[in-house]
Amino acid sequence: MKVKNRLAAAIAALATMGHTAMSSLRNEDKDKAQGAQERYLGFQEGLESVDEILLKNTLNSIELPEEPEDTFLLDTFIDDIIINWSSSNERIISINGGTANVLHPRGGVDQKVKITASAFLRDAAVSRDFEITVAALEDDSMTIADVLNSKVGSRVSMHGIVSAFLYASGDHPEYRAGFYVTDSTGTVYVYGNMAEDVEVGDEVYVSGIKSVRFNTPQVYNPYNLTIISRNNTPSWDAVDTSKTVEEIYNLGKDAVGNVYEFDAHVSKNQYGLYTLKDINYKENGAAFKYYFAGTITPDAENYASELRGKENQIVRVKFAVGANQDWDLRGDVLDIVSYEKEEEKDSQES
């Protein structure tokens with residue numbers, strides 16, 4: 001710090017000398033001297049402070065493991081310098097004070113994490129990024145078809161694409177209650193507090209507990225969520241596109257847990273729930289009344305809101321079939337493929 005004080009004193013002396021010299025110059029020489037002094041002061045302002053140089057040198061002296069196997073330590077104080085740390089992916093490397101905790105991702109894909117050190121000394125602050133690669137554990141995931149067929153209460157792991165969200169109802173309809181994961185063998189609903197951490201199109205590895213709610217299979221209490229990549233398109237290879245609403249409903253329990261793509265007539269009942277009926281519904285009564293009322297709230301920004309005002313239209317949808325406690329079929333719209341035409345028939349419920 002004595003070096004800095006001597007440097008500051010020298011700069012002050014030079015400035016004083018410059019001012020004294022300016023006062024003794026002839027008028028015609030003052031403009032030239034003023035310009036030289038301004039250029040000097042501009043150069044001075046562009047220099048890094050002594051504290052900034054010290055912080056940068058300190059951060060450059062820090063070494064972190066590039067491919068850590070386990071927890072590693074972080075310097076939080078070096079001499080009088082305070083160092084704070086942050087992670088770009090807390091699920092893979094979480095930081096608690098001076099300790100970096102490593103959780104190796106599943107899914108067979110290594111994860112790169114940026115660790116940032118921010119150093120502070122008086123009014124100076126400097127940051128440095130470190131890129132850490134965390135090796136993935138062996139991919140032990142099941143296909144979603146196997147997850148759906150697994151024993152209730154068993155631990156399951158799967159690898160797929162987030163294909164849709166299910167939103168909560170009530171006071172906070174925008175809250176994501178869960179999300180659907182799709183692979184080439186099927187689609188399953190994942191219920192739990194990780195829905196806010198992912199987006200549609202994320203390729204994920206996720207573990208949870210196989211459960212059944214209202215006779216509908218799901219994965220509950222997810223953990224070990226790894227986002228492998230983003231902006232992907234789900235594979236809908238397992239979607240059955242050959243059946244009508246009536247044919248699907250006639251399958252009963254065998255339809256539950258599957259995704260179908262079909263054309264349907266949109267209507268809304270007296271409770272404000274949207275229903276999807278067979279396009280050949282009868283004038284004096286729908287072929288299916290409210291069995292296909294989606295559980296997505298119409299107040300959230302999701303497919304149900306897109307159906308608002310579309311009564312009497314024909315839509316083509318991808319639909320995940322579930323059931324209530326009485327085995328009446330219902331489900332969720334995962335994707336609206338297209339709107340067809342305005343339907344002329346009267347949609348009045350009987």
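The values are calculated or read from the model by the stated rules, or taken from the named source; none is laboratory data. If you're wondering where the values come from, they're calculated on a predicted model, not measured in any experiment. Positions of Cβ are generated from backbone atoms using ideal geometry, with glycine treated the same way; all protein chains shown enter the neighbour counts. Side chains are part of the model used for accessible areas, which takes the heavy atoms of the whole protein and leaves out ligands, DNA and RNA. Shrake-Rupley method; radii C 1.70, N 1.55, O 1.52, S 1.80 Å.
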Next item on the list: Take Ser338, project a point 7 Å from its Cα along the Cβ direction, then tell me which residues of segment 243-266 have their backbone nitrogen under 14 Å from it.
Entry: 262-264
Item checked: Estimated FRET transfer efficiency when R0 is 41 angstrom, pair Thr233-Glu131 (beta carbons, to 0.05) -> 0.90
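Kindly sort Asp140, Asp328 by accessible area of their heavy atoms, largest first, with the probe set to 1.4 Å. Write down the numbers at each step before the final one.
Details: Asp140 80, Asp328 50 Å².
Final ranking, largest accessible area leading: Asp140, Asp328.
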Notebook entry, point to check: How large is ³J(HN,Hα) for each residue in segment 246-251, as worked out from phi by the Karplus curve 6.51 cos²θ - 1.76 cosθ + 1.60 (θ = phi - 60°), to whole Hz, x for Gly and Pro?
Noted result: 5, 5, 5, 5, 5, 6
Margin query: What does the extension gain come out to for Glu138 and Asp326, with contour length at 0.36 nm per residue minus their alpha carbon separation?
Written below: 63.5 nm
Notebook entry, point to check: Amide H of Thr275: which non-local residues (sequence gap of 5 or more, or other chain) have their own amide H closer than 5 Å, using H built in the peptide plane?
Noted result: Ser267, Lys268, Asn269
Next item on the list: Could you go through segment 120-134 in sequence order and give the Karplus-derived ³J(HN,Hα) for each residue, using 6.51 cos²θ - 1.76 cosθ + 1.60 with θ = phi - 60°, rounded to whole Hz, and x for Gly and Pro?
Entry: 9, 8, 6, 8, 9, 8, 9, 10, 9, 9, 10, 9, 10, 9, 9
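What full-extension length gain, to one decimal in nm, is calculated for Ser94 and Ile314 as 0.36 nm per residue of separation minus the Cα-Cα distance? It would help to have the intermediate numbers written out before the result.
Details: separation 220, 0.36 × 220 = 79.20 nm, distance 4.91 nm.
Separation in residues times 0.36 nm, less the Cα-Cα distance, equals 74.3 nm.
When Lys and Arg each count +1 and Asp and Glu each count -1, what net charge do the other residues less than 11 Å away from Ile209, Cβ to Cβ, add up to?
On the way: positive: Lys151, Arg155, Lys210; negative: none.
My count for the surroundings of Ile209 gives +3.
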Next item on the list: For an R0 of 35 angstrom, estimate the FRET efficiency from the Cβ-Cβ distance between Asn149 and Asp197 and round to the nearest 0.05.
Entry: 0.80
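Assuming 0.36 nm per residue, please report the length gained on full extension of the stretch Asp79 to Thr241 beyond their Cα-Cα distance. It would help to have the intermediate numbers written out before the result.
Working: separation 162, 0.36 × 162 = 58.32 nm, distance 6.80 nm.
Extending this stretch completely gives an extra 51.5 nm.
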